[in-house]
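**Student:** Input: one structure, supplied below.
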Amino acid sequence: MDFKHVPVLYEECLENLKIKPDGVYVDGTLGGGGHSHGIGEKLNENGILIGIDRDKEAIKAAGERLADLKCQVITVQSNYADIKEVLEELDIQGIDGALLDIGVSSYQLDNGERGFSYMHDAPLDMRMNADESFSAYDVVNDYSEEKLTEIISRYGEERWAGRISKFIGKARKEGHIETTGQLVDIIKAAIPASARRDGPHPAKRTFQAIRIEVNRELEQLETAIDRYCDVLNPGGRLCIITFHSLEDRIVKEKFRDRLNPCTCPKELPVCICGKKADVRKVTGKPIVSDEAELESNPRARSAKLRVIEKK
């Protein structure tokens with residue numbers, strides 16, 4: 001199966017990165033290289049494009065896709081949150097822009113073997129980096145019912161988290177839960193039929209929660225934002241695309257903290273901590289897809305783009 005990922009908010013990302021032809025740019029979530037190719041086309045032979053991804057299949061596919069670019073292309077299998085270590089290894093001091101497209105790619109969803117999708121019966125996996133040992137199988141079979149309830153409620157915002165966890169616990173007594181199909185059947189049994197008639201697939205929120213837990217997605221995002229802001233050159237921009245409220249809330253709050261770093265009590269008439277913002281706001285409300293994009297790519301419906309610039 002080819003590694004494909006339709007780049008969401010493509011033109012909006014390229015426009016907001018304010019790409020300099022000889023600059024250094026990072027695509028921290030390389031995927032199939034769709035966004036990266038657009039960035040690379042705007043760079044000249046002195047420009048540098050760094051593509052980072054945890055998925056070695058993405059690294060291989062994107063490397064082939066980016067081969068026609070005239071800029072220098074460097075692909076790295078790593079976690080995007082490890083940007084400082086990546087740049088240190090490459091002996092690069094700062095970057096002129098970065099893009100993070102948070103979440104799972106179309107390829108990972110559509111490739112049933114990866115175990116991300118509730119639409120395909122496959123081994124429980126959901127690892128973005130297949131070299132890591134911890135997988136969805138471990139979450140589903142080893143977590144206590146209390147911990148399962150916590151992550152399904154928190155990361156999936158699933159109102160039936162408690163019942164789903166109890167049904168998982170009951171099923172585990174008869175043997176390990178091995179496949180996505182088994183898990184979907186358990187979730188369907190746990191959610192009352194009346195609650196399954198409307199809305200998204202009944203397993204959507206639980207699968208999202210388990211995927212986030214397996215890959216530590218929210219922790220990585222929260223850590224990464226400050227790190228990327230730190231390595232931006234003056235005038236450099238950080239663009240982040242999110243796909244659900246949990247991610248967007250983290251980006252919004254971390255941007256706000258960076259824009260207002262003062263730690264003084266509110267009742268003080270003047271700032272005495274001396275902490276000043278080193279970034280400026282580019283977007284207030286997030287940028288969202290227009291109707292034309294939504295018609296051609298329904299998965300873009302929940303996408304939100306927020307942008308910040310280094311002073």
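The values are calculated or read from the model by the stated rules, or taken from the named source; none is laboratory data. This one's a predicted model, so the numbers in the text were calculated from it and none came from an experiment. Cβ: placed from backbone, ideal geometry, glycine included. Neighbour counts: every protein chain shown. Just so you know, the surface numbers come from the protein's heavy atoms only, side chains and all, with ligands and any DNA or RNA stripped out. Shrake-Rupley method; radii C 1.70, N 1.55, O 1.52, S 1.80 Å.
**Student:** Looking only at region 6-22, filter to residues that are closer than 19 Å to Y80 by Cα and assigned to a loop (DSSP other than H, G, I, E, B); which one of those is most open to solvent (accessible area, probe 1.4 Å)?
**Tutor:** The residue in question is P7.
**Student:** Is it the case that D257 is closer than 30 Å to E158 by Cα, under 12 Å from the mean Cα position of the chain (by Cα) and not hydrophobic (A, V, I, L, M, F, W, C)?
**Tutor:** When the stated conditions are applied, D257 does not pass them.
**Student:** So, in region 35-70, of the ones that are more than 24 Å from C229 (Cβ to Cβ) and open to solvent by less than 10 Å² (accessible area, probe 1.4 Å), which residue ends up farthest from the chain's Cα centre (by Cα)?
**Tutor:** Top of the filtered list is L66.
**Student:** Which members of region 202-246 meet the condition of being among the small types (G, A, S) and closer than 23 Å to N260 by Cβ?
**Tutor:** Listed by number, the residues that qualify are A224, G235, G236, S245.
**Student:** To continue, here is another question. Give me a count of the residues in region 135-149 that are open to solvent by 40 Å² or more (accessible area, probe 1.4 Å) and in contact with a Ser or Thr (Cβ under 9 Å, 6 or more places away or on another chain).
**Tutor:** 5
**Student:** Turning to a different aspect of this structure: Which pairs have Cβ atoms under 6 Å, sit 6 or more apart or on different chains, and link a residue in region 84-98 that is free of Cβ contacts under 8 Å to residues at least 12 places away in the same chain to one that is surrounded by 15 or more Cβ atoms within 10 Å (Cβ to Cβ) and polar (S, T, N, Q)?
**Tutor:** That search, which allows pairs on different chains as well, returns nothing.
**Student:** Give me the pairs, please: first residue somewhere in region 261-275 and within 25 Å of D226 (Cβ to Cβ), second residue anywhere and assigned to a loop (DSSP other than H, G, I, E, B) and of a type in the set (A, V, I, L, M), beta-carbon distance under 9 Å, and either six or more positions apart or on two chains.
**Tutor:** P261/A277; C262/A277; C264/V270; C264/I272
**Student:** OK, next. Report, by residue number, each residue of region 144-167 that is outside any helix (DSSP H, G or I) and farther than 25 Å from S245 by Cα.
**Tutor:** Passing the criteria: only S144.
**Student:** Can you pull out the strands (runs of 3 or more DSSP E) entirely within region 200-311 that have at least 2 residues that are crowded, with 16+ Cβ neighbours inside 10 Å and in contact with a helix residue (DSSP H, G or I) (Cβ under 8 Å, 6 or more places away or on another chain)?
**Tutor:** Answer list for region 200-311: 232-242, 304-310.
**Student:** Let me ask something additional. Provide a single number: the residues in region 182-197 that are open to solvent by less than 20 Å² (accessible area, probe 1.4 Å) and farther than 16 Å from D138 by Cα.
**Tutor:** Qualifying residue count, region 182-197: 4.
**Student:** Residue by residue through region 139-154, note down the ones that are in contact (Cβ under 8 Å) with a residue 12 or more places away in the chain and among the acidic types (D, E).
**Tutor:** If the condition is that a residue be in contact (Cβ under 8 Å) with a residue 12 or more places away in the chain and among the acidic types (D, E), then E145, E146 are the ones that fit.
**Student:** Kindly provide the set of residues from region 155-173 that are without any contact (Cβ under 8 Å) to a residue 60 or more places away in the chain and either within 16 Å of L124 (Cβ to Cβ) or open to solvent by less than 70 Å² (accessible area, probe 1.4 Å) (or both), ordered by number.
**Tutor:** G156, E158, W160, A161, G162, I164, S165, F167, I168, G169, A171, R172 - these are the residues of region 155-173 that are without any contact (Cβ under 8 Å) to a residue 60 or more places away in the chain and either within 16 Å of L124 (Cβ to Cβ) or open to solvent by less than 70 Å² (accessible area, probe 1.4 Å) (or both).
**Student:** Show me the helices (runs of 4 or more DSSP H) entirely contained within region 24-99 in which 3 or more residues are modelled with pLDDT of 95 or more and touching a Leu at 6+ places or on another chain (Cβ under 8 Å).
**Tutor:** In region 24-99, 34-41 are the helices (runs of 4 or more DSSP H) which contain 3 or more residues that are modelled with pLDDT of 95 or more and touching a Leu at 6+ places or on another chain (Cβ under 8 Å).
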